Every structure is written in structure tokens, then in C-alpha cells.
Amino acid sequence: MAVWKSRRPDEEQALLPRFTRSGMVEVPRDRIPDHVMLPQTAYQIVCDEVMLDGNARFNLATFVTTWMDEEADRLYTATADKNMIDKDEYPQTAEIEARCVRMLGDLWHAPHAEQSVGTSTTGSSEGCMLAGLAMKRRWQQARQEAGKPTDRPNIVMGGNVQVVWEKFANYWEVDPRYVPLEGNVFHLTADRLLEHVDENTIGVVAVLGSTMDGSYEPVQEICAVLDEYERSTGVSVPVHVDAASGGFIAPFLQPEVVWDFRLPRVVSIQASGHKFGLVYPGVGWVLWRDAEHLPESLVFHVNYLGGDMPTFALNFSRPGAQVVLQYYQFLRLGKEGYGLVQRTCQDVAVHIARTLKTMPEFDVISDGTDLPVVTFALAPEVTKYDVFDLSRKLRESGWLVPAYTMPPKREDLAVLRVVVRNGFSHDMAELFLRDLRTALRWLDDLASPMPHEVQPSGFHH
Ligand SMILES: *Cc1c(COP(=O)(O)O)cnc(C)c1O
């Protein structure tokens, strides 16, 4: 005890075996410690603590990238000091961001891709906020010009939207109108949309790749009924596509699906660079159809090489390295590489879904053919345990598989979800299926059913 209690000179501290050094026994938790400690000691303490987190590679719950090439890791280290807002000091990073925006404009068929209007963000959430704000401001301006009130804006979306849209509506005081799920359709469809839309609707959110089950909402049909609505009422309601995941999947795996700027009603699209864009956490993208759809009153101007650089962001400073990594991935993989990576994920997902279909314990809800996401419920005959028990049991072998109930009107349905991402190989899928069978056997062999506890209601990924 005396060793770590007494403060010794640094040279002496460095001689002590690492786990006997000051700081090691009493790890400060609530106050910044009064004194310095050796960097190796601090490193060890923090490293050991975060080991308690689940292993990212076994995390089948997240959509977010957990593996990149060694070269990407090196690039990350080399660019960790870059601040995205310092466009004047880091003009090349600013140029790289602009290139990525143009590449995405091209990928998503913007009418003038070479002049694409958009920005990197910290993730899809910031992109959703910005796109939602732009829709709100444009609606306000149009209403003001027409001499109509602007105090009751609403936004229409499926009950399955990601939590960010609830946040958007709350923070920016827009009435959220959720179209409830019905039967076995777990996302927004065109047929039930119009009863929720009116002249106060700032926009409709269509999700390309629902977080609930990975299914694509029919963006083209949604736009078509809104075209019809405009013809009969004169009210034009824009569509924002939340392509957090699908923005980097559909162009490579389902090029025939028309969901992007090819549809004139789609005014903005956002996607997560850190999901199937294949970059570590911290980057998203939002693009507008053209400059007209991003109101000038929302744009701020920063100094850029003595000139003027327009920005639209919630943050000021934020890391630039992820933007550099996105550009790296675009160069490294090209369309061919993205296709190969996403196709492999889809093959693994479809294989898992097919295997689950042969198992009497499961009902497969989504089979990985839209996003590489497999959602499955327990068959009604299974009464001894539920999906929450199975999720917990799988944790024992390291797999993080979330269990959750579906949104309102289908809360009766509880599911498990596996997101297949780059790095979840066929081999790992076999190991997962093996452990899944073992878990089922264990639960089945119980002498009596698992006791039930109150489940947390929401799961937000
Ligand atoms: C993940 C996700 C979001 C939020 O994205 P972040 O990049 O995590 O901020 C929004 N919408 C959908 C459909 C998502 O899947």
C-alpha cells in the first residue's frame, strides 16, 4: 500500500511494476486527480476499463463500421489533428470534403452532380436535423409569401423512423405525425400516407433501410401519391430520404430501385458514412437536390483562404479525419469494391435467414434482401422462453444481438436483429449459428419456463 500512496519522482515511478504504480489502486472517478501520473499508467487504466465493453466485432446490433484496412488506420492516426471547420488552415481537407459531396451527388443522381450542394456531418442525425430545418424554413418562407400562418408545421413519417426524427420534431417544434404500422408491413407505405398530409406538412420522411427490419420504404410510390395530392390540392409536399444505411447499399446492390434524386420530389438525402459508407464512427453526409432547396438564410459563412466558404452545420469544430477516411474508401474501393463488400454482406445475411427458416423455432421477418439485415421472431409454439432470454443467452458466447418490440400497433411482436457488416464473414456466421443452436438447446432443456421480467420498451439503433 505504501508504494502507491507515496508520491515518488517520475523516474522512480517508472521503475515500479506497472500495476503497483500510483493511480492504479485508487482510480479517480469523480474528480480530476490533483497530480500527474505516468502516461503508461493512465493508458493501462483506461485500456483495461474499456475492455469491459463488448467486442465490437461480435456486435451484431450496430450498423456502424468496426473494421477498416491497416492503411486506413494509419491515415486516421496521421489526420487525427484535423479540424473540419478550419477550411482556411486545411484547404486540402476542405477540398476532399467537396469531392466526396460531388461523388455522392453523382452516386445519388443529383441533377447537377458537379455542383452538388451538401456537407459532411457528424453522422446521419446531424444530416437529418439540417435537412429537416431546410424543409421547415422553405415551408415557412412559402407560407409567409402567400400570407398564410406558419405556426403549425408538421412532418409526416412512418412509426418505424429512427429516434432522430422524434428528436428533430421536439427540438425544432414541428408536430410529428407518425403513420402507424399495420399488419405485417413494418414501414411507411404510400396507401396510408395522404390522410396525414396537409398544407402544414413541411415534408415527408421516407426511410431507405428501416432500422427496425432493414426493409426499404417504397420511395417512388410515396412520391407518386404526393404528385397526385399536388395535382388535386395544389399543395406540394417535398420528400426527404433518410438513407442512413441504404444510401451506400442500394446504389451497389439494387441499382434498379428508384429512390434518389431521380425522383423530382426528393429534395434532400442523408446517409451515414460510418455505417455502410465503411468509415469509423463520426461521419455522415447530407445533400440537397440543388442550391434552391437549401435556403440561403440557413447558411453561415466562414473564412476560406481569405475567401468565403459557406457552411451549414450544428457543430463548429469537429474531426476532419473521418472525412479523409471516407475519401480513402471511395478511392480504395471504387464502385467495384463497394459492390463486392456489400454483396458479401448480403450473401451472409441471406444465408443466415435461409438457415433460420429451416429451424422450427423461428419466423423470419426480414431476410436480408434489402439491407443485409435479418430480423426474426420466435414461432408461436415457443413458450418456454422469449427473444429477450435468447438475446441474453447469446451474450454468454460473446454475441450482441438486440431483442426489441416493434413500434405502435405491432408492439405485440418482439424480434431479434442481426446486422451483417463488413468483417462479419461466412465463417463467423457459421460460428454464430452454432452458438445460436447451442443457446436454443439450453433454453429448451430447462425444466420450467424462464421467469419473466418487465422489458425495456425502446431500443434505438
Ligand atoms: C442510424 C440511423 C440514423 C441515425 O444515424 P447516425 O449516423 O447514427 O446519427 C437515422 N436514421 C436511420 C434510418 C438510421 O438507421
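The values are calculated or read from the model by the stated rules, or taken from the named source; none is laboratory data. A quick note: this is a predicted structure, and the numbers were derived from the prediction, not measured. Positions of Cβ are generated from backbone atoms using ideal geometry, with glycine treated the same way; all protein chains shown enter the neighbour counts.
Summary table below
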item: Selection from segment 352-387 of residues that are of a type in the set (D, E, K, R) and touching a residue at least 24 places away in the same chain (Cβ under 8 Å); result: Glu361, Asp370, Lys384, Asp386
item: Any hit, segment 319-334, residues being within 16 Å of the ligand (Cβ to nearest atom) and of a type in the set (A, V, I, L, M, F, W, C); result: yes
item: Which numbered condition Leu104 misses (of (1) touching a residue at least 12 places away in the same chain (Cβ under 8 Å); (2) away from the ligand (no atom under 16 Å from the Cβ)); result: (2)
item: Some residue of segment 112-119 being within 17 Å of Leu294 (Cα to Cα), within 16 Å of the ligand (Cβ to nearest atom), in contact (Cβ under 8 Å) with a residue 12 or more places away in the chain and in the same structural domain as Phe300 (by TED's automatic domain parsing); result: yes
item: Among the candidates Thr344, Thr383, residue that is of a type in the set (S, T, N, Q) and in a helix (DSSP H, G or I); result: Thr344
item: Segment 173-199, residues that are more than 19 Å from Thr405 (Cβ to Cβ) and within 16 Å of the ligand (Cβ to nearest atom); result: Pro176
item: Residue in segment 302-319 that is touching an Asp or Glu at 6+ places or on another chain (Cβ under 7 Å) and assigned to a strand (DSSP E or B) present; result: yes
item: Those residues of segment 274-310 which are in contact with a strand residue (DSSP E or B) (Cβ under 8 Å, 6 or more places away or on another chain) and among the hydrophobic types (A, V, I, L, M, F, W, C), in sequence order; result: Val283, Trp285, Val286, Leu287, Trp288, Ala291, Leu294, Val299, Phe300, Val302, Met309
item: Test set (1) modelled with pLDDT of 95 or more; (2) under 15 Å from Val283 (Cα atoms); (3) in contact with a Gly (Cβ under 9 Å, 6 or more places away or on another chain) - Met129 fails condition number; result: (3)
item: The one condition in (1) within 13 Å of the chain's Cα centre (by Cα); (2) aromatic (Phe, Trp, Tyr); (3) buried (at least 24 other Cβ atoms within 10 Å of the Cβ) that Tyr280 fails to fulfil; result: (3)
item: Answer from Arg417, Arg434 - the residue that is in contact with a Pro (Cβ under 7 Å, 6 or more places away or on another chain) and closer than 29 Å to Met68 by Cβ; result: Arg417
item: Subset of segment 21-62 (residues that are surrounded by fewer than 10 Cβ atoms within 10 Å (Cβ to Cβ) and either within 30 Å of Ala349 (Cα to Cα) or touching a Pro at 6+ places or on another chain (Cβ under 7 Å) (or both)); result: Val50, Met51, Leu52, Asp53
item: Residue ranges of strands (runs of 3 or more DSSP E) in segment 200-288 with at least 2 members polar (S, T, N, Q); result: 266-272
item: Any hit, segment 381-398, residues being among the aliphatic types (A, V, I, L, M) and either within 23 Å of the chain's Cα centre (by Cα) or in the same structural domain as Tyr216 (by TED's automatic domain parsing) (or both); result: no
item: Set Arg417, Arg392, Arg421, Arg410: member being basic (Lys, Arg), surrounded by 14 or more Cβ atoms within 10 Å (Cβ to Cβ) and part of a strand (DSSP E or B); result: Arg417
item: Within segment 48-66, tally of residues that are away from the ligand (no atom under 16 Å from the Cβ), without any contact (Cβ under 8 Å) to a residue 60 or more places away in the chain and either under 11 Å from Gly423 (Cα atoms) or not in a loop (DSSP other than H, G, I, E, B) (or both); result: 3
item: Number of positions in segment 172-187 that are surrounded by fewer than 20 Cβ atoms within 10 Å (Cβ to Cβ) and under 13 Å from Pro153 (Cα atoms); result: 5
item: Of residues in segment 202-216 being under 16 Å from Trp108 (Cβ atoms) and not β-branched (Val, Ile, Thr), the one nearest to the ligand (Cβ to nearest atom); result: Gly209
item: Within segment 149-171, considering residues that are out of contact with any helix residue (DSSP H, G or I) (no Cβ under 7 Å at 6 or more places or on another chain) and surrounded by 15 or more Cβ atoms within 10 Å (Cβ to Cβ), the one farthest from Val239 (Cα to Cα); result: Lys167
item: Scan of segment 141-171 for residues that are in a helix (DSSP H, G or I), of a type outside the set (Lys, Arg) and either within 13 Å of the ligand (Cβ to nearest atom) or over 29 Å from the mean Cα position of the chain (by Cα) (or both), ordered by number; result: Gln141, Ala142, Gln144, Glu145, Val163, Val164, Trp165, Glu166, Phe168
item: Long-range neighbours under 8 Å by Cβ, at least six apart or interchain, first residue within 15 Å of Ala250 (Cα to Cα) and not assigned by TED's automatic domain parsing to the domain that holds Arg102 within segment 328-344, second surrounded by 13 or more Cβ atoms within 10 Å (Cβ to Cβ) and of a type in the set (Val, Ile, Thr); result: Gln342/Ile249
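Yes/no matrix, rows are residues, columns are (1) aliphatic (A, V, I, L, M); (2) more than 22 Å from Pro251 (Cα to Cα):
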| site | (1), (2) |
| --- | --- |
| Arg354 | no, yes |
| Asp370 | no, no |
| Thr375 | no, yes |
| Pro380 | no, yes |
| Leu431 | yes, yes |
